[in-house]
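The values are calculated or read from the model by the stated rules, or taken from the named source; none is laboratory data. Bear in mind that the values here come from a model prediction, so they are computed numbers and not experimental data. Every residue, glycine among them, receives a Cβ derived from its backbone with ideal geometry; neighbour counts consider all protein chains shown. The accessibility values were calculated without ligands, DNA or RNA, using every heavy atom of the protein model including side chains. Shrake-Rupley method; radii C 1.70, N 1.55, O 1.52, S 1.80 Å.
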Amino acid sequence: MRLPQARLDQVLDRFQEVEARMGAATDGVEIVRLSKEHAELKPVADAVSALARLRQELADLETMASDPDMAEMAVEELAVLNERLPGLERDVALLLAPRDADENASAVLEVRAGTGGDEAALFAGDLFRMYSRYAQGRGWRVEVDSLTEGDAGGYKEIIATVTGEGVFGRLKFESGVHRVQRVPTTESGGRIHTSAATVAVLPEVEDVEIEIHDKDIRIDTYRSSGSGGQHVNTTDSAVRITHLPTGIMVTSSEKSQHVNRDKAMKNLRVRLYDLQRQAKDNARSDARKSQVGSGDRSERIRTYNFPQGRVTDHRIGLTLHSLPQFLEGDIDPMLNALIAEDQAARLSDLEAELG
């Protein structure tokens, strides 16, 4: 992709303007805002500068190539630089392409048992363990916010916060319906059963500007259940907040009612923000052939087939014959393929924008 020099100059001009304003700013809020923009622009500006240097070297070598005394050396160097040019231009194009503003955010991970009864709950447990193992391998922190255990094990529902750099950017394509095909341990006849679990990955964004009016929420307190004995909660400290316009309900059941209210309000903002994201994602995916970035969480995205030891992602048609390793958290091969598909769509968007 040949990027117009005018577009590259815009990036460098804006980066230099932000640097100049940072040096002159005295207002704390403005300094924070400029620092954030500077951090976002710096890798783009560095890549654009590297591309500009490479293009200038090519121009100089082409001039040298017209000199009989320098031509042989210039031609050799031109060949090397021309091999590097497409890769560098693609890297810059990806940095310039429309990108997810929440790419580097931490995330709220929700896994729920779907159709399939006890087997679905067990599968939900397998999925949560898979994501926990993956998070551990990347140095992310997983904190369980709430859970409801299945009667035979696993989870009917489990919600956790995954904290770290780039969590949402790596896991956002996991949202959807995950289907499993296997023989349940309770099946004496050896028949393969199909069950499902749903996964939702929501960005946990700091300073989310979501306006919530008091008249739009109902706050209930109740006595949270415990495991008996000294763990029983004897006060009405648990909090349930219902957002009346959308019907979204969030709960928190720590020991402090004050902490629960703050935590529930934060979770409500995350979910309302996610509603806005889904609307944007759906609008964008309507204009794409690829549905990888769709906000539709009712879509069946993946099948885990135990008898054949394979896992298939239906959005990109990729099958991996490494199901045991996959469930142990080795999911990067699938995530990398999904991210590559999304990058191709972003580059297509940029090409359309540039005309």
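Say the dipole of the chain comes from +1 at the beta carbon of Lys and Arg and -1 at that of Asp and Glu; which of 81, 56, 210 then lies farthest toward its positive end? Of the listed residues, the answer is 210. Think of each Lys and Arg Cβ as +1 and each Asp and Glu Cβ as -1; about the Cα centre, that makes the dipole of the stretch 67-116 roughly 600 debye. In this structure the chain gives 54 Å² per residue of accessible area when probed at 1.4 Å with all protein chains present. With a simple spin-label model that places each label point 7 Å from the Cα along the Cα-to-Cβ direction, the separation between residue 19 and residue 7 comes to 2.3 nm. Each peptide in 125-138, 45-58 gets a packing score, the mean of other Cβ atoms within 10 Å over its residues, and the list from highest to lowest is 125-138, 45-58. Here the chain is treated with +1 on each Lys and Arg Cβ and -1 on each Asp and Glu Cβ, and its dipole about the Cα centre works out to around 1760 debye. Rounded to the nearest 20 debye, the dipole size of the stretch 77-171 about its Cα centre is 180 debye, using +1 on the Cβ of Lys and Arg and -1 on the Cβ of Asp and Glu.
Using a probe of 1.4 Å, the accessible surface attributed to residue 322 totals some 30 Å² when neighbouring protein chains are kept in position. Among 74, 107, 196, the residue with the largest mean-square fluctuation in a Gaussian network model of the chain, with springs joining Cα atoms closer than 10 Å, is 74.
If R0 is taken as 45 Å, the Cβ-Cβ distance between residue 49 and residue 266 corresponds to a FRET efficiency of 0.70. Each Cα pair under 8 Å and six or more residues apart adds its separation to the average, and for the stretch 109-184 the resulting relative contact order is 34 percent.
Let me check I've understood the local charge: for residue 62, count other residues with C-beta under 12 angstrom from its C-beta, Lys and Arg +1, Asp and Glu -1. What total comes out? Around residue 62, the surrounding residues sum to -3. Taking every alpha-carbon pair under 8 Å whose residues sit at least 6 apart, the chain reaches a relative contact order of 15 percent. The residue list 308, 24, 350 was ranked by how far each Cα lies along the charge dipole of the chain toward its positive end, using unit charges on Cβ atoms, and 308 comes out on top.
Using just its DSSP H runs of length 4 or more, each adding -39500 (n - 2.57), the chain gives a mean residue ellipticity at 222 nm of -16500 deg cm²/dmol after division by all residues. Atom-type composition of the exposed protein surface of the stretch 1-101 places 55 percent of the accessible area on carbon and sulfur (1.4 angstrom probe).
Hey, in the GNM for the chain with a 10 angstrom Cα cutoff, which one of 166, 189, 87 fluctuates hardest? Residue with maximal mean-square fluctuation among 166, 189, 87: 189.
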